[in-house]
Each structure stands twice: as C-alpha cells, then as structure tokens.
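Colleague: I am attaching a structure below and will ask some questions about it afterwards.
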Amino acid sequence: MHWNTLRIIRKQYGYTYQMMADKLGITKSYYWQIENGKRGLSYEQAVQISSIFSKTPDEVFLPDYIVK
C-alpha cells in the first residue's frame, strides 16, 4: 500500500489529521496510525476514506495499479 498517496491527497484537500478523524468518526490518533501504516484498515474504511476525496479505494491505496 502506498500510504504516502493518502497523505498527499489529504494535504491537497487541505485536511488535517483531526478533520479526517472527525469525518470518519474515529480519533485523531487512530487516523494517524492508518495514514502512517501502523494500523490496518477494513475495506469499508478504505471505501469511506476514498469517498471523502471522491476517489476509488484503488486510486488512493493502490495508485501504481491504475492504468493510465
């Protein structure tokens, strides 16, 4: 997984860790752990995170596999 892509997208949208955590209904610490690869996430969480950015989970978490 390319966690750096998640960080880049979050910053492009101007969202902080806290803003993302609030949107997801989790703690800031929990979100930080997801973004930094310290905690796994479920498919549902990947979909929820991706939908915040109007992207698919593949675009956020597997960008190298997207055919351009």
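Colleague: Out of everything in region 1-21 that is open to solvent by 50 Å² or more (accessible area, probe 1.4 Å) and among the basic types (K, R), what residue ends up being modelled with the highest pLDDT?
Modeller: Only one residue fits best here, namely K11.
Colleague: Would you check which residues across region 22-56 are among the polar types (S, T, N, Q), over 9 Å from the mean Cα position of the chain (by Cα), assigned to a helix (DSSP H, G or I) and surrounded by 13 or more Cβ atoms within 10 Å (Cβ to Cβ) and list them? If you could, list the steps in order and put the result at the bottom.
Modeller: So the first thing to find is which residues in region 22-56 are among the polar types (S, T, N, Q), and the list is 27, 29, 33, 36, 42, 45, 48, 50-51, 54, 56.
This time we only want the ones that are over 9 Å from the mean Cα position of the chain (by Cα), so: 27, 29, 33, 36, 42, 51, 54, 56.
Filter once more, keeping what is assigned to a helix (DSSP H, G or I): 29, 33, 51.
Selection gives Q33, S51.
The values are calculated or read from the model by the stated rules, or taken from the named source; none is laboratory data. These figures come from a predicted structure and were not determined experimentally. In this analysis, Cβ positions are derived from the backbone assuming ideal geometry, glycine residues included, and neighbour counts consider all displayed protein chains. Remember, those area values only see protein heavy atoms, side chains included, never the ligands or the DNA or RNA. Shrake-Rupley method; radii C 1.70, N 1.55, O 1.52, S 1.80 Å.
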